[in-house]
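Since the structure comes first, as structure tokens, the remarks are kept for the end.
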Amino acid sequence: MELPKEYGYVALVLVAYCFLNFWMAGQVGKARKMYKVPYPTLYALESENKDAKLFNCVQRGHQNSLEMMPMFFVLMMLGGFRHPCVCASLGCLYIITRYFYFTGYSTGDPQKRLSIGLVN
């Protein structure tokens, strides 16, 4: 079996998604410091931290992207065998919407994760 010559675009999109996740992880790290949520605590408790919801929104935005990552990677790699340019284009669109999903969620208002860059 031979890979299409455009398959490199699929690989570039997967690498871009990894960088997006690294950036999101950094945002979670900053939120840990800002809202005083120590490791290994995954989610802050509202009974212990007045900023729990704000931290949890940042954490949850990143966690959701991690949960979707395996499916995204598998579908990109498989679809790229037959339609690499279409997969790469749709993968770029997915990454852009993931960015807006995360930044919207990170505001502390979970409903803003659905705006995908639109003004609420």
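Bear in mind that the values in this text are calculations on the coordinates, not laboratory data. All of these numbers come straight from a predicted model, not from anything done at the bench. For neighbour counting, all protein chains shown are included, and Cβ atoms are generated from backbone atoms with ideal geometry for every residue, glycine included.
Residues that are surrounded by 14 or more Cβ atoms within 10 Å (Cβ to Cβ), farther than 17 Å from Tyr101 by Cα, in contact (Cβ under 8 Å) with a residue 60 or more places away in the chain and within 16 Å of the chain's Cα centre (by Cα) occur in the range 68-76; there is at least one.
Kindly indicate whether any position in the range 13-29 is touching a residue at least 60 places away in the same chain (Cβ under 8 Å), touching a helix residue (DSSP H, G or I) at 6+ places or on another chain (Cβ under 8 Å), of a type in the set (Ser, Thr, Tyr) and not in a loop (DSSP other than H, G, I, E, B). Checked the range 13-29: at least one residue is touching a residue at least 60 places away in the same chain (Cβ under 8 Å), touching a helix residue (DSSP H, G or I) at 6+ places or on another chain (Cβ under 8 Å), of a type in the set (Ser, Thr, Tyr) and not in a loop (DSSP other than H, G, I, E, B). Contact annotation: residue pairs with Cβ atoms under 7 Å, 6 or more positions apart or on different chains, pairing a residue in the range 34-58 that is within 21 Å of Lys112 (Cα to Cα) with a partner that is among the basic types (Lys, Arg), are Glu46/Lys53. Taking the condition assigned to a loop (DSSP other than H, G, I, E, B), small (Gly, Ala, Ser), over 15 Å from the mean Cα position of the chain (by Cα) and surrounded by fewer than 17 Cβ atoms within 10 Å (Cβ to Cβ), does Gly79 pass? Spelling it out, it is not the case that Gly79 is assigned to a loop (DSSP other than H, G, I, E, B), small (Gly, Ala, Ser), over 15 Å from the mean Cα position of the chain (by Cα) and surrounded by fewer than 17 Cβ atoms within 10 Å (Cβ to Cβ).
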